[in-house]
Amino acid sequence: MNALFTDAAVEAARAAVGLKPGARVVAAMSGGVDSTVTAALLARAGYDVVGVTLQLYDHGAAIQKKGACCAGQDIHDARTAADVIGIPHYVLDYESKFKQQVIEDFADAYLRGETPVPCIRCNQTVKFRDLLDVARDLGAEAMATGHYVQRADAADGAQLLRAADPARDQSYFLFATTRDQLDFLRFPLGGLPKPEVRRVAAELGLAAADKPDSQDICFVPEGRYTTIIDRLRPHGAEAGDVVHMDGRVLGRHEGVTRYTIGQRRGLNIAVGDPLFVVRIDADRRQVVVGPREALLTRALTLKETNWLGEGGDMAGAAGRAVLARVRSTREPVPGRLALRGGVAAVELDTPEEGVAPGQACVLYAPEQPDRVLGGGFIDTTERAGA
């Protein structure tokens, strides 16, 4: 078969890694096409590749859910791919770490009335902290993943950049990557479009070429996140009031964990004009609703921040113009960094709708829109017109 795509992808991988052939590189292998192709390209580029797969959970043989990251079938697929590529492969049992740092955190966030992003938490803890330690213990000079982002060396250190393929860009989910982690990480697929990655897999005869991408949160059966929360935190299903922002009690709900900011369906109230969830008061077990315009946010504060830009930290960069991305499905919008009572904040030039605590706000550089400056988890919001 013509290896046109593979040859070009190997050169791209070699450039992305930037190490001499023979250097040891750990490849994080989930069993999917992206991580499989990453490992294969590294091996073709002449690196000493070691594949590592994390066993993250087991829902009765991973509930037989295809495409769920590092479930039973996926571990088998990763092991088989490593054999085909011709590299050593290890499976590490991280179930307890994953449960504590990702699943438990996910449930607790909903109890607080937040809308969490567990993929960010997983990258931040299990994958880019714990697994990096393993990679170093194995004598690796770098660890490579199949994420669609790019890394570039600059005078002030490594920079995190958006992927060349906007439709696949995963920079929102990697904002918490620290400078030290970024120095060690490599992303060989960041400059490639996804269709080309699948073509490479086909050229190399990898079974993952036709494997579908995972669409849901890996540990949530059939996309029903309440199933997990009800099992771990059953008191989250305690009933409470649906309250209009003007103070009127409009009805009852079956648990604050069933609602997110901006939600319109499932409120089971009829008052004429459309109403949306504008705030969740978990302490009072209240779901607060209001008109659509009440969803507009002009400023927000951040917690658990990470800064990859100039100035040392986010506080030192106060006043800097930024592009702020408040949800993974939205494009960044202009704003400015600020300090409010010593807490990092972002003031938006134009109000954004449905900004939810618990989601990430990822910041990019206006003068270099592909560069990730950092970000944080949204803590509080300030309503436009308040």
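When segment 99-156 is filtered for residues that are within 23 Å of LEU373 (Cα to Cα), in contact with a helix residue (DSSP H, G or I) (Cβ under 7 Å, 6 or more places away or on another chain), among the charged types (D, E, K, R) and part of a helix (DSSP H, G or I), only ARG121 remains.
Listed here are the residues, each with its yes/no results for (1) touching a residue at least 24 places away in the same chain (Cβ under 8 Å); (2) in a loop (DSSP other than H, G, I, E, B).
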{"site": "LEU250", "(1), (2)": "yes, no"}
{"site": "THR260", "(1), (2)": "yes, yes"}
{"site": "ARG265", "(1), (2)": "no, yes"}
{"site": "VAL277", "(1), (2)": "no, no"}
{"site": "ILE280", "(1), (2)": "yes, no"}
{"site": "ASP283", "(1), (2)": "no, yes"}
{"site": "ALA299", "(1), (2)": "yes, no"}
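Summed over segment 344-363, the residues that are touching a helix residue (DSSP H, G or I) at 6+ places or on another chain (Cβ under 8 Å) and part of a strand (DSSP E or B) give a count of 4. For the condition surrounded by fewer than 24 Cβ atoms within 10 Å (Cβ to Cβ), assigned to a loop (DSSP other than H, G, I, E, B) and under 17 Å from the mean Cα position of the chain (by Cα), ARG371 does not qualify.
Restricting segment 224-251 to residues that are over 11 Å from ARG285 (Cα atoms) and hydrophobic (A, V, I, L, M, F, W, C), the residue that is surrounded by the most Cβ atoms within 10 Å (Cβ to Cβ) is ILE229. Cβ-Cβ contacts under 7 Å between residues 6 or more apart (or on different chains), taken from a first residue in segment 304-318 that is within 12 Å of LEU373 (Cβ to Cβ) to a second residue that is charged (D, E, K, R) and open to solvent by 50 Å² or more (accessible area, probe 1.4 Å), are listed as TRP307/ASP313; LEU308/ARG179; GLU310/ASP156; ALA317/GLU310. May I ask you to list the residues in segment 285-297 that are part of a loop (DSSP other than H, G, I, E, B) and open to solvent by less than 70 Å² (accessible area, probe 1.4 Å)? Selection gives PRO291 alone.
Residue-wise test of (1) open to solvent by less than 50 Å² (accessible area, probe 1.4 Å); (2) more than 21 Å from the chain's Cα centre (by Cα).
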| site | (1), (2) |
| --- | --- |
| ASP216 | no, no |
| HIS253 | yes, yes |
| THR260 | yes, no |
| ARG264 | no, yes |
| GLY272 | no, yes |
| PHE276 | yes, yes |
| LEU300 | yes, no |
| GLU310 | no, yes |
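The values are calculated or read from the model by the stated rules, or taken from the named source; none is laboratory data. Computed from a predicted structure; not experimentally measured. Counting neighbours? That spans all protein chains shown, and the Cβs are built from the backbone with ideal geometry, glycine included. When the accessible area is computed, the model is the full protein with side chains, heavy atoms only, and any ligands, DNA or RNA have been set aside. Shrake-Rupley method; radii C 1.70, N 1.55, O 1.52, S 1.80 Å.
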